[in-house]
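Everything on this sheet refers to the single structure shown next.
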Amino acid sequence: MMFILLALIFFILRIMPGDPVLAIVGGKAPQHVIEQLREQMGLNKSIPAQFVDYVLSMLRGDLGKSTLTNRPVLDELKERLPATIELTAFAFVMAVLIGTFWGAEAARKKDRSLDVGARMFAIVTYAIPVFWLGLMMQLLFGMVLKWLPVAGRISPALSFTPITGFYLVDSIIKGNWAALWDAFKHLIMPGVALGLIISSIFLRMVRNNTVLMLSKDFVKAAVARGIRERAVLYGHALKNAFVPILTIMGLQLALLLAGAVLTETTFSWPGVGSYLVQKIRYRDFPAIQGTIVIFALIVIVISICVDIINALVDPRVRY
Amino acid sequence: MARKIFRSSTGIVTFIGAAILVFFLFLAVFSPQIAPHNPTERVSRPLQAPSSEFLFGTDNLGRDILSRVIYGARIALTIAFLAVVIAAAIGIPLGLISGYIGGVFDRILTLIMDAIYSFPGLILAIAIAAVLGPGIVNIALSIAVVYAPTYFRVIRNQVAGIKDELYVEAARALGARSPSILLRYILPNVLPSVVVVLSMNLADAIMTEAGLSFLGLGIAPPTPDWGYDLSSGQRFVLSKAWWAILFPGVSIITTVLGFSMFSEGLNEYLNPTIRERR
């Protein structure tokens with residue numbers, strides 16, 4: 001799987017039209033400069049040889065150097081990854097909470113206002129671009145009401161030096177409560193924007209699966225035994241509804257990553273997504289390639305985790 | 001009774017979706033006649049709030065936002081349709097052949113398509129668009145690559161299921177060649193399932209296109225484009241120009257809503273018939 005994704009990325013970035021060397025030096029550079037750069041980057045070799053070089057260096061964990069900053073891409077990505085994880089984790093938890101509780105309650109009161117509301121919410125948020133929601137929130141909560149900061153991760157005035165890169169964790173370690181509050185305030189808007197967009201998918205899945213489970217015999221049996229309605233809903237129906245949801249949850253995490261690229265750009269959030277967009281603007285091909293490889297790696301790790309969790313949760317799944 | 005209500009409410013949803021689509025198609029086709037101003041020309045001072053002369057206000061370059069929104073429908077719909085057509089043109093034939101031939105070829109192709117499918121679509125589109133550069137066809141192509149696996153999977157699985165059916169075998173026994181079996185016997189039977197995927201993909205394609213152009217990977221600047229018009233959003237936020245953010249965004253949302261409502265209705269309508277036919 002990883003190999004195929006690596007090959008795909010290579011194919012897209014190298015073989016398709018567009019010359020990375022020309023992109024760096026511009027069209028008017030003298031021929032010998034171009035040749036020299038080509039040799040430096042290993043682009044004068046044949047395509048299969050380039051591919052072997054590329055796969056070997058990826059296996060060594062070497063993502064190459066950024067042509068813009070001349071720093072190893074991996075180092076630059078390491079600095080930015082915690083920001084993305086912080087943002088996506090917040091959004092994911094929020095989406096799961098909204099999806100689970102609203103979805104379960106909507107399933108309990110099927111076709112009543114709560115359920116219709118949930119369905120409307122799901123359809124509408126599916127159609128809202130996350131960057132637009134972000135901009136509207138910035139306008140309302142940042143500019144008009146002035147409740148929350150519009151961009152960035154922390155106020156520069158605090159001159160905060162990170163340890164792990166996870167600002168929330170760092171400020172707790174340091175016992176710097178002002179920084180914790182400040183970092184949290186910066187996180188709310190991008191996190192909520194991204195979380196709301198993703199939550200619609202969870203909401204829909206939880207609702208539909210719980211409705212299905214509520215009609216099953218084991219739920220009727222539980223009700224007949226006199227177990228309270230809420231306990232049946234959460235303990236019996238929802239618990240069983242979650243098995244198929246888990247699988248799709250993994251796929252949603254991939255969607256979350258794509259959403260993070262847009263959200264980070266909207267909120268100038270210094271994560272991997274805004275890094276990618278920045279590098280594209282400067283046509284920094286090693287950095288673009290490295291970032292996409294990292295994204296591929298994350299997707300694969302997530303899908304393996306989902307498979308493992310699935311096997312743990314559902315004893316019927318065996319590999 | 002309950003079923004009747006359900007039916008009619010689905011009908012209403014489909015109808016609203018179709019109405020929205022017709023509206024935007026109308027805007028796209030007749031934009032030169034409808035738009036009050038030239039969308040790429042400076043017609044007033046920058047960032048004017050909505051007024052009777054400029055219903056949606058003006059943007060940071062003093063261009064009429066209403067006209068840009070109307071013309072934006074052209075780009076959005078063109079790219080979305082083009083992308084979906086390309087995706088189907090790649091995915092359907094490959095799915096047909098892969099499902100029909102089977103074996104190693106099928107396994108490798110399925111693996112590749114699954115890899116693309118599992119990758120976050122927007123990020124893949126970003127990578128391809130970054131390499132290809134701006135332009136309508138290039139953007140459509142980058143979006144198409146993301147959605148081609150969907151068609152491949154739907155078609156391939158169905159073909160693999162029906163290729164041993166009696167009528168296929170009968171055709172083979174009568175001496176029909178593989179290409180004609182595929183085109184005349186198998187294709188008509190698997191095509192209906194694609195229609196729903198197609199209309200759903202149109203909604204997603206519009207979203208992806210908006211995302212790409214928001215990131216500056218879309219159409220070259222002066223051309224009106226909803227996503228691109230939002231990309232100077234930070235500037236609009238700081239100057240509290242809500243109209244410059246609201247209207248292009250609402251156009252994206254209504255178009256996507258239109259497509260997804262329509263496809264949902266289509267799904268309800270088509271799926272039973274597909275099931276009956278089998």
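This table checks each residue for (1) more than 11 Å from chain A (Cβ to nearest Cβ); (2) part of a helix (DSSP H, G or I); (3) closer than 20 Å to residue B:149 by Cα.
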| position | (1), (2), (3) |
| --- | --- |
| B:164 | yes, no, no |
| B:168 | yes, yes, no |
| B:186 | yes, yes, yes |
| B:202 | yes, yes, yes |
| B:207 | no, yes, yes |
| B:250 | no, yes, no |
- Query: Among the residues of the stretch B:180-193, which ones are within 26 Å of residue B:78 (Cβ to Cβ) and crowded, with 20+ Cβ neighbours inside 10 Å?
  - Reply: none
- Message: Considering only residues that are polar (S, T, N, Q) and either over 22 Å from residue A:76 (Cα atoms) or surrounded by 21 or more Cβ atoms within 10 Å (Cβ to Cβ) (or both), which ones fall in the stretch A:278-315?
- Response: A:289, A:291, A:303, A:310
- Quick check, is residue A:270 modelled with pLDDT of 80 or more and either on the phi < 0 side of the Ramachandran plot or surrounded by fewer than 21 Cβ atoms within 10 Å (Cβ to Cβ) (or both)? yes
- Selection status of residue A:214, within 20 Å of residue A:99 (Cα to Cα) and either of a type in the set (Val, Ile, Thr) or out of contact with any Ser or Thr (no Cβ under 9 Å at 6 or more places or on another chain) (or both): yes
- Considering only the stretch B:213-239, how many residues are more than 7 Å from chain A (Cβ to nearest Cβ), among the small types (Gly, Ala, Ser) and crowded, with 24+ Cβ neighbours inside 10 Å? 3
- Matching option when the condition is touching a residue at least 60 places away in the same chain (Cβ under 8 Å) and within 29 Å of residue B:208 (Cβ to Cβ), among A:143, A:205: A:205
- (1) more than 21 Å from residue A:134 (Cα to Cα); (2) in contact with a helix residue (DSSP H, G or I) (Cβ under 7 Å, 6 or more places away or on another chain): which one isn't true of residue A:78, the others all being true? (2)
- Query: When the residues of the stretch A:99-158 are filtered to those that are of a type in the set (Ser, Thr, Tyr) and under 19 Å from the mean Cα position of the chain (by Cα), which remaining residue is farthest from the other protein chains (Cβ to nearest Cβ)?
  - Reply: A:125
- Task: Could you tell me whether residue B:51 is surrounded by 21 or more Cβ atoms within 10 Å (Cβ to Cβ) and not acidic (Asp, Glu)?
- Result: no
- Message: Kindly evaluate residue B:134 against the criterion of being touching a Gly at 6+ places or on another chain (Cβ under 7 Å) and away from chain A (no Cβ under 11 Å).
- Response: yes
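The values are calculated or read from the model by the stated rules, or taken from the named source; none is laboratory data. Fair warning: this is a prediction, and the values are worked out from it, not measured in the lab. When we count neighbours, we look across all protein chains shown, and the Cβ atoms used for this are built from the backbone with ideal geometry, even at glycine.
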